[in-house]
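The values are calculated or read from the model by the stated rules, or taken from the named source; none is laboratory data. Everything numeric here is computed off the predicted structure, so don't read it as measured data. Neighbour counts are summed over all protein chains in view; Cβ atoms, including those assigned to glycine, are modelled from backbone coordinates with ideal geometry.
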Amino acid sequence: MKYKSVFDIIGPIMIGPSSSHTAGAARIGRVARSLFGREPKWANISFYGSFAKTYKGHGTDVAIVGGILDYDTYDERIKESLQYAKDHKIKIRFTEEDALTDHPNTARIHMGDDNGELEIVGISIGGGKIEIIELNGFELKLSGHHPAILVVHDDRFGAIAAVSNILAKHEINIGHMDVTRKEKGKMALMTIEVDQIIDEKVIQEITALPNITQVTRIAD
């Protein structure tokens, strides 16, 4: 793995003790919150590998719940995130999983409320960096460190080009793009990381395209 700066090694400004087990966990939780778009009523959190073995001692539990509550890695409220959840009747459940995963610092978050649910799988890859590798059954690769849009669409000819053309029209540069589908001709997911915040007008244009089901914007 190549690091661009010393901060990729020592990690971000954060509530300790570990960039992988706390800052990374907080960022996984915060991406889940951003995708869900609101405070959930419940969250079932499964830890795998080293997360499962050390999450209490390393504060992974309070960090990931803090992220779900939209706290940044350096927010002092992370320390009291479990108490906040309890006071606001947000049901939190932790599960230590035995299953082997491709990465030792893996967490699955399944959360929801009366209006919907969301399930993601995230990994903490070191120095506070993360990747979201699964969203509601779709495989993807989302770093959470750049502005991004997730576009759920029908798997039809021209859908990807139509979205790309709108971004090009607004001079939005694509840093990374990935497209996955569960089954040919059914639903598909575009994951597009870009170099700048995407304006709401652009989101509305993409949403109005044929074959587009849902567009979610994520700020870095």
Meets criteria (assigned by TED's automatic domain parsing to the domain that holds THR60, outside any helix (DSSP H, G or I) and out of contact with any Ser or Thr (no Cβ under 7 Å at 6 or more places or on another chain)) for ILE130: no
Unmet criterion (only one of (1) within 30 Å of TRP42 (Cβ to Cβ); (2) not small (Gly, Ala, Ser); (3) not in a strand (DSSP E or B)) for PRO210: (1)
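Restricting the search to the stretch 109-127, which residues are surrounded by fewer than 21 Cβ atoms within 10 Å (Cβ to Cβ) and either in a strand (DSSP E or B) or in contact with a His (Cβ under 8 Å, 6 or more places away or on another chain) (or both)?
HIS110, GLY112, ASP113, GLY116, GLU117, LEU118, GLU119, ILE125, GLY126
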ASP98 farther than 18 Å from ARG30 by Cβ and modelled with pLDDT under 95: yes
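So which residues in the stretch 202-220 are surrounded by fewer than 12 Cβ atoms within 10 Å (Cβ to Cβ) and in contact (Cβ under 8 Å) with a residue 12 or more places away in the chain?
Across the stretch 202-220, the qualifying residues are PRO210, GLN214, ALA219.
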The stretch 53-82: number of residues that are part of a helix (DSSP H, G or I) and over 19 Å from the mean Cα position of the chain (by Cα): 7
Residue ID - farthest from ALA26 (Cα to Cα), chosen from residues in the stretch 176-195 that are out of contact with any Phe, Trp or Tyr (no Cβ under 9 Å at 6 or more places or on another chain) and surrounded by 13 or more Cβ atoms within 10 Å (Cβ to Cβ): VAL179
Test for LEU100: is it among the hydrophobic types (A, V, I, L, M, F, W, C) and either at positive phi or in a strand (DSSP E or B) (or both): no
Pairs with Cβ under 8 Å, 6+ apart, first in the stretch 134-163 and closer than 15 Å to SER34 by Cβ and free of Cβ contacts under 8 Å to residues at least 60 places away in the same chain, second among the basic types (Lys, Arg) and buried (at least 16 other Cβ atoms within 10 Å of the Cβ): SER143/LYS129
Unmet criterion (only one of (1) within 13 Å of the chain's Cα centre (by Cα); (2) closer than 17 Å to ALA43 by Cβ; (3) touching a residue at least 24 places away in the same chain (Cβ under 8 Å)) for GLY112: (1)
Residue match in the stretch 50-68 (condition: over 21 Å from LEU150 (Cβ atoms), among the aromatic types (Phe, Trp, Tyr) and modelled with pLDDT of 95 or more): no
Some residue of the stretch 82-100 being of a type outside the set (A, V, I, L, M, F, W, C) and within 28 Å of GLY175 (Cα to Cα): no
